[in-house]
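Peer 1: My questions will all concern the structure given below.
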Amino acid sequence: QVQLAESGGGLVQAGGSLTVSCVVSGSIFNLYSMGWYRQAPGKQRTLVAGIAPDGTTNYADSVKGRFTVSGDFSRRTIELEMSSLKPEDTAVYYCNIDALPRWAVRNNFWGQGIQVTVSA
């Protein structure tokens, strides 16, 4: 089955930098998009950054100019480089893909999430 493995994350001081990475495993027939979401305690999960196969990207207004998303659709990896971090960036970050598996229907797939904590 399709699985997403996240790495990176941790504790960083405000103004610092951190990178989270994600590797997709399993049999993928088509990969339509990849992205990162985040969810703070008591809040809804929201899109942080997304990337399409042609390289186009989308960012939440709150992270524009500070975060950079990159992906390799052939290797099925995605990274989120975060800089100038703020305490409000503290959340669990989730890797997400929109994909068609070889032996299943098209669906969204999620990583288990990785904690990013920014101290004041």
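Peer 1: All but one of (1) at pLDDT below 95; (2) loosely packed, with under 15 Cβ neighbours inside 10 Å; (3) touching a Gly at 6+ places or on another chain (Cβ under 8 Å) hold for residue 104, so report the exception by its number.
Peer 2: Residue 104 satisfies every listed condition except (3).
Peer 1: Regarding the stretch 78-91, can at least one residue be identified that is under 12 Å from residue 3 (Cα atoms) and either free of Cβ contacts under 8 Å to residues at least 60 places away in the same chain or not in a loop (DSSP other than H, G, I, E, B) (or both)?
Peer 2: No.
Peer 1: Sort out which residues of the stretch 45-56 are of a type outside the set (A, V, I, L, M) and surrounded by 15 or more Cβ atoms within 10 Å (Cβ to Cβ), and write them in order of number. Please lay out each step first, then the result.
Peer 2: Just the residues of the stretch 45-56 that are of a type outside the set (A, V, I, L, M), to begin with: 45-46, 50, 53-56.
Selection gives 45, 50.
Peer 1: Within the stretch 20-39, track down each residue that is modelled with pLDDT of 95 or more and hydroxyl-bearing (Ser, Thr, Tyr).
Peer 2: 21, 25, 32, 33, 37 - these are the residues of the stretch 20-39 that are modelled with pLDDT of 95 or more and hydroxyl-bearing (Ser, Thr, Tyr).
Peer 1: Here's something else I'd like to know. Considering the stretch 77-96 alone, what residues qualify as being of a type in the set (A, V, I, L, M) and touching a Leu at 6+ places or on another chain (Cβ under 6 Å)?
Peer 2: If the condition is that a residue be of a type in the set (A, V, I, L, M) and touching a Leu at 6+ places or on another chain (Cβ under 6 Å), then 82 is the only one that fits.
Peer 1: Does any residue in the stretch 54-76 that is acidic (Asp, Glu) come within less than 6 Å, Cβ to Cβ, of a residue that is at pLDDT below 95 and open to solvent by 90 Å² or more (accessible area, probe 1.4 Å) six or more places away or on a different chain, and which pairs are these?
Peer 2: Close Cβ pairs (under 6 Å, with a partner that is at pLDDT below 95 and open to solvent by 90 Å² or more (accessible area, probe 1.4 Å)) do not exist here.
The values are calculated or read from the model by the stated rules, or taken from the named source; none is laboratory data. Just so we're clear, the structure is a prediction, and the values are computed from it rather than from any experiment. Quick reminder, even Gly has a Cβ in these numbers, built from the backbone with ideal geometry, and neighbours come from all protein chains shown. With ligands, DNA and RNA removed, areas are computed over all heavy atoms of the protein, side chains included. Shrake-Rupley method; radii C 1.70, N 1.55, O 1.52, S 1.80 Å.
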